[in-house]
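Read-outs: derived from the displayed coordinates by stated rules, not from any lab. Remember, predicted model here, so these are calculated numbers, not experimental data. Glycine gets a Cβ as well: all are built from the backbone with ideal geometry, and neighbour counts include every protein chain shown.
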2 protein chains.
Amino acid sequence: MRVALLGPVAWRTPPRHYGPWELVTGLIADGLTALGVDVTLFATLDSVTSAALDGVCPRGYAEDPSMDGRVWEALHVAHAFSRSSDFDIVHSHLDWLPLAFSQHCEAPLVTTIHGFGDRRIMPAYRRARSAFVAISDADRVPGLDYVATVHHGIDLDALPFCADGGDDLVVLGRIHPDKGTAAAIDIARQAGRRLFIAGIVQDERYFAEQVAPHVDGDRVVHLGSVGPQERAELLGRARALLHPIAFDEPFGLSVVESMATGTPVVAYARGSMPEVVDEGVTGFLVEDAEQAAAAVDRAGELDRRQVHQVARRRFASSRMVADYVDVYGKVLGERA
Amino acid sequence: MRVALLGPVAWRTPPRHYGPWELVTGLIADGLTALGVDVTLFATLDSVTSAALDGVCPRGYAEDPSMDGRVWEALHVAHAFSRSSDFDIVHSHLDWLPLAFSQHCEAPLVTTIHGFGDRRIMPAYRRARSAFVAISDADRVPGLDYVATVHHGIDLDALPFCADGGDDLVVLGRIHPDKGTAAAIDIARQAGRRLFIAGIVQDERYFAEQVAPHVDGDRVVHLGSVGPQERAELLGRARALLHPIAFDEPFGLSVVESMATGTPVVAYARGSMPEVVDEGVTGFLVEDAEQAAAAVDRAGELDRRQVHQVARRRFASSRMVADYVDVYGKVLGERA
C-alpha cells in the first residue's frame, strides 16, 4: 500500500517545540514506515522522517516571517495533489484547504480533523470528497462522513516514567484564554503549590494582562516554550498537570504526555477530556478552580505507575498507527 | 474559441458599488460575448452577465460576514479548474490562489495581474504555469513571463460626457492612506475649492483620524460609497479629479472614468499615472500638494471634449477586449 501523508507546513515535522498537528503526522509517518508501508510524507523540506519526504516549502512558514503561510500552504497542497495518482490513499492532516481542492486529488482522500477553528470553514468540509477521522467522539459534528474516531498516540520512549512526581504543578500548551493559563494560576494559588507554565504565547494581550503580572519566578514560573526533552522532565517531576480549558478541546496531547510520565491530570470536564482522562485512575475531571484545587490534593493518592500503564495501553503511537491502518482498509474496502 | 473567465468572488460581478477587479472581469466577459466568443464567467452566482455563468459562491464574501473569503475563494477556484478541460483558455483575474494550483488547470492559463499587494505572494507567481498580463508597464516585475500589457477599459456608455464641469473637486476610491484622501483635503483647501469624497472606508483609523475631522458637509463633503450612476454624475460635474496617491498604483480606474466624462485629472506622478494621464491634455502630473493646487487652477484651461475623446480612444472597453483577443491568440499560438 502506497500512502501519502499530507502534513501541515506551519512547522517542521517533527516540530522543534510547538506544532501538535505536525507531531502527530510525523509519528504516523514513522509508525507506518516501521510496519513496512510505503509512505511519502508531504511536509517542510527540513523535516526529519523515516518515510520518503516530499514538498516545496523550505521550512515552516511559522518559523520564517518572510513566508506567507497562505501562499506556501497552497503551493504545498497543489504539489501533493499533483502527485496523488502515485498513491493508493492520501491521508491529510492539513485543515480545510485540501478539502476545498479534493476533486483534484486522484486517490481516495481521508482527512483527520484536528479541530475546526472558525465554524465558517464548514462549507469546505460539507462539500469535500473525503472520508473523515475524528480525534475524539466529542469533536464530531453532525452530517460529516466519519469513518472512525482515532485518539492520538504519542512517542512513549520520549516520555519516560517517573516514579516520584514531586510537589509542583505544571500547565502546558499555548498561552491563550482557551487553555486557561490564568485559571491554572488561580488553582495553584488555592492549592498552595508552585506552578510551572510552559508554552508559546499565542495571545499577547492575555499573557500581558492575566498571566505575566502573577509570574514571580518562585510560586509562578514561566519557562517559555520548551523542547521535547525539557517537556518530558517538567511533566515527570510534577505532582499534577493542570488543564483548566475554557473551550471544547478536540483532544489534548499534553494531557496524554503527562499521563505517560506517570503524572496525573486535573482537567475541566469539557470537550474530549472525559474520553481521555480516566476519572480517579489517571486524573480528575472537575468543574471549577475550587474543585481543581481539591483534586490537586487527592492527586497524590493516585498510583503513578498505573497512570503510566493506562497511558501506554491507550495512547501508544503504535495503537494510533494500527487504528489508521484499519481506517485505510475501511476506506479502500468501501470503494472496492 | 471557448474562454473561461475566472473572476474574483469578493463582490458580485458587476459590483454594486466597489469591486474594480470584478468590474473589469465583467466587462471582458460581456465584450467577448458580444464578439461571438463562447465565454463562461466563473463568478458569484448572483452575478449579471451576458456570458454563461458558473460558480459555487451564492454571493460575494465581502458582502456576507458569515462567509469565510479564503474558504469560498478556494472552493470557487477548485470548481473552475475542475471544468478547465472544457475550455481552450482559462483567463484568471483572481490574484495568486489559481497560480498556486495552476498545475491543476487543464487548459492554458493566462493571468491578469491586478496588483501584487504583499510581495510575500511572489512565490506563487514565480512557480506558476501561467502567462501574465500587466495592467500597466509600471506594474511589471522582472522575471515574470508577460505576454502583454493591457490597460483597463471602461464602459463609456455609463459615463456620459459633460461639457461643463463646474467648480468642485472630487476624490474617488477606497479611503486608505494609499489613495491619499487626506492629501486631497489639503489640496482642495489650498485651491480654495469644495471637495467631494466618495468611496468605501478601507482603513477605519485613517478615516477617523485624518479624514473625518475635516468633513464639514460644506467645503469637505463625504458621500460614502456611491453606485455607478451617482459616480458618473459626481465625476461629470467636477472641475477636476484629485488622485494624490501614496503608492505605485497599478492602474487607477477612477482616473479613466473621470476622463471619460470630460473631467481632467490632477494626479501624483507615481505608478501607472504617467502612462494613463496625458500631461497637459487629460490632466496634470504633479509631485506635491502645492503643485496639485496650482494644477487645479490650470485644469480649467483644458478642453473637456478632448479629455473625453482621448479617454474614448485609449480606454474603451472594446479596445481592452480586442487586446485580450490578441493575448489569447498569442498564448495559444505560442503553444501550437
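Taking the longest Cα principal axis of chain B as reference, the axis of helix B:304-315 is set at about 20 degrees. Taking every DSSP beta bridge that has both ends in the stretch B:225-336, the antiparallel portion is near 0%. With the gyration tensor restricted to C-alpha atoms of the stretch B:55-117, the semi-axes of the equivalent ellipsoid amount to 21, 14, 9 Å, longest first. Between A:ARG12 and A:GLY60, the built amide H atoms are under 5 Å apart, and every one of these is 5 or more places off in sequence or on another chain.
Counting Cβ atoms of other protein chains within 10 Å of each Cβ in B:65-72 and taking the mean gives 5. Could you run the Debye sum over the Cα atoms of the stretch B:1-134, one equal point scatterer each and no solvent, and tell me log10 of I(q)/I(0) at q = 0.18, 0.22 Å⁻¹, two decimals? Listed by q, the Debye log ratios stand at -0.95, -1.43. Antiparallel beta bridges, as assigned by DSSP with both residues in chain B, represent about 0 percent of the total such bridges.
Each copy carries A:GLU279; placing its label point 7 Å along the C-beta direction from Cα gives inter-copy distances of 8.2 nm, listed from smallest up. With the biggest extent put first, the Cα atoms of the stretch A:232-281 measure 27, 19, 13 Å across the principal axes. Using only alpha carbons, the stretch A:99-234 has a radius of gyration to Kirkwood radius ratio (Rg to Rh) of 1.09. Listed by chain and number, the lysines whose C-alpha is less than 22 Å from the C-alpha of B:LYS330, apart from same-chain residues fewer than 8 away, amount to an empty set. Inter-chain Cβ neighbour count for A:126-134, averaged per residue, equals 1 (cutoff 10 Å, partner chain atoms only). Per-residue mean of foreign Cβ neighbours for A:95-103 is 5 (Cβ atoms of other chains, 10 Å radius). Take the Cα of A:ASP88, step 7 Å toward its Cβ, do the same at A:ARG189, and the gap between the two points is 5.8 nm.
Here B:ASP303 and B:ALA208 are evaluated by their C-beta separation; at R0 = 45 Å the FRET efficiency comes out at 0.65.
P(r) of the stretch A:1-47 in 10 Å steps, Cα pairs, percent per bin? Calculated P(r), rounded to whole percents: 32, 53, 15, 0. Projected onto its three principal axes, the C-alpha set of chain A covers 59, 41, 36 Å, listed from the longest axis down. When peptides B:316-326, A:236-246 are sorted by average Cβ neighbour count within 10 Å, with the highest value leading, the order is A:236-246, B:316-326. The mean of 1/r over all pairs of different alpha-carbon atoms in the stretch A:254-300, once inverted, gives a Kirkwood hydrodynamic radius of 10.5 Å. Which whole-angstrom value gives the distance between the alpha carbon centres of the stretch A:292-328 and the stretch A:192-236? Comparing the Cα centres of the stretch A:292-328 and the stretch A:192-236, I get a distance of 23 Å. Label points for A:GLY143 are taken 7 Å from Cα along Cα→Cβ. From this copy to the others they lie 4.5 nm apart, shortest first.
Counting only the Cα atoms, the stretch A:138-207 fills a convex hull of 163 Å³ per residue. Look at where the Cα atoms of the stretch B:65-94 and of the stretch A:8-86 average out, and the two centres are 25 Å apart. Computed over the stretch A:201-336, the P(r) tail beyond 27 angstrom holds 29 percent of alpha carbon pairs. Considering all different alpha carbon pairs of the protein assembly as shown, the Kirkwood hydrodynamic radius works out to 28.2 Å. Take every Cα pair under 8 Å whose residues are at least 6 apart in sequence, average their separation, divide by the length of the stretch A:79-124, and the relative contact order is 42 percent.
Hydrodynamic estimate: the Kirkwood radius of the stretch A:30-82 over Cα pairs, inserted into Stokes-Einstein at 20 °C and 1.002 mPa s, corresponds to D of 181 µm²/s.
Coupling constants for the stretch B:269-283 follow from the phi torsions by the Karplus curve (6.51 cos²θ - 1.76 cosθ + 1.60, θ = phi - 60°), and in residue order they are 7, 10, x, 7, 4, x, 7, 8, 9, 8, 3, x, 10, 9, x Hz; glycine and proline get x. For the residues B:THR111, B:THR33, B:THR13, a GNM of chain B with alpha-carbon springs under 10 Å puts the largest fluctuation on B:THR33.
For the stretch B:133-231, applying the loop criterion from DSSP together with a ceiling of 16 other beta carbons within 10 Å to the trypsin sites (Lys or Arg not before Pro) yields B:ARG140, B:ARG174, B:ARG219. Chain A residue nearest the rotation axis toward B, with distance: A:HIS104, 2 (Cβ to axis, whole Å). Using the charge dipole of chain B (Lys, Arg: +1 at Cβ; Asp, Glu: -1 at Cβ; taken about the Cα centre), state which of B:TYR268, B:MET1, B:TRP21 has its Cα farthest towards the positive end. It is B:MET1, whose Cα lies furthest towards the positive end. All Cα-Cα separations within the stretch A:169-272 were binned at 10 Å from zero, giving a P(r) of 16, 54, 29, 1, each value a whole percent of the pairs.
With the label put 7 angstrom out from Cα along the Cα-to-Cβ vector, B:ARG119 ends up 4.2 nm from the copy partners, going from closest to farthest. For B:ALA240, the residues whose modelled amide H falls within less than 5 Å of its own, excluding neighbours fewer than 5 places apart on the same chain, are B:VAL170.
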